[in-house]
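Structure first, then comments.
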Amino acid sequence: MKSISVLLADDHHIVREGFRSLLKADKNIEVVGEADTGRIAVEMTKQLRPDIVVMDIAMPLLNGMEATRQILDAAPNTKVLILSAYSRDDYVDRVISAGASGYLLKQSSVALLGKAILVLAKGEVYFDPAIVGCLGAVQSPSKNTDVQGKPKSKKSLSSREEEILQLIAEGASNKQIASILNLSIKTVEKHRQRLMNKLKIHNTAGLTRYALTNGVIEDGVRVTQI
């Protein structure tokens, strides 16, 4: 039987080390790489084409949600398992919308991680038992879904706008954002202005609050360093 290749994406080295040690005990699973930012996780997925990416939702430079979208665009056969400290239904909603195949709470991930990976490798989905009720609510038509049962977006931000919003909220300057995204400063300024106009928010503090409220970043996020 071919080993299930796994990429670990978490910005804490000690967490990745713990997961690697845990998964090493399963002969059916092989950890093929580690990433400490969402952006690196996307690039490593393109190179390694792992079967599963275990993705922390609160990743610097590119959060787990947007990284998941980019990973699935680049490698449709790869499955993404999201890890989060939150069981809120809007987080589960966004995971499903992003295309992830599973969601684990961090407090239970050690016990369930191996099982979840094996389930995803079979082409099935796996959600933490603690959020099954939330999953049912998301999948059923409600005030948070359209007439087809699809999650409604609070604001229709483009993928690029989501990236720039996160970087602004993490404390990056226009120059830093331009360097990270390989854009000109003028292009970043245009995206930033478009983002502010769309959200009707015209200062960095307001954008940061919006990012926190809508799960683009989480409390305690590190300030971006280049």
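Listed cross-link partners LYS24/LYS115; LYS46/LYS106; LYS2/LYS79 are compared with a 19 Å cut-off, the Cα-Cα value being larger for LYS46/LYS106. Quick one: net charge around LEU112, please, counting Lys, Arg +1 and Asp, Glu -1 for every other residue with C-beta under 12 Å from its C-beta. Taking every other residue near LEU112 into account, the sum is +1.
The listed peptides 206-213, 50-57, ordered by packing as a protection proxy, come out as 50-57, 206-213 (highest mean of other Cβ atoms within 10 Å first).
In a fully extended conformation the segment linking LYS115 and ARG160 would gain 12.8 nm over its present Cα-Cα distance, using 0.36 nm per residue. The apolar share of the surface of the chain, taken as the fraction of accessible area on carbon and sulfur atoms (1.4 Å probe, ligands and nucleic acids excluded), comes to 52 percent. Taking every DSSP helix (H) stretch of at least 4 residues in the chain, weighting each as -39,500 (n - 2.57) and dividing the sum by the residue count yields a mean residue ellipticity at 222 nm of -14500 deg cm²/dmol. Taking label points 7 Å from Cα along the Cα-to-Cβ direction, SER179 and ALA25 give a separation of 4.3 nm.
What FRET efficiency would be calculated for the residue pair LEU212, LYS46, taking the C-beta separation as r and a Förster radius of 25 Å, to the nearest 0.05? With R0 = 25 Å, the Cβ-Cβ based efficiency is 0.25. Computed from label points 7 Å out along Cα-Cβ, the spacing between ALA130 and GLU189 is 4.7 nm. With protein chains left intact and a 1.4 Å probe, residues in the chain average 50 Å² of accessible area per residue.
Compared with the direct C-alpha span, the chain from GLU17 to ALA205 gains 64.2 nm at full extension, assuming 0.36 nm per residue.
The values are calculated or read from the model by the stated rules, or taken from the named source; none is laboratory data. Nothing here was measured: the structure is a model prediction, and the numbers come from that model. No Cβ is skipped: glycine too gets one built from the backbone with ideal geometry, and neighbour counts run over all protein chains shown. Each accessible area value is taken on the protein alone, full model and side chains, heavy atoms only, with ligands, DNA and RNA left out. Shrake-Rupley method; radii C 1.70, N 1.55, O 1.52, S 1.80 Å.
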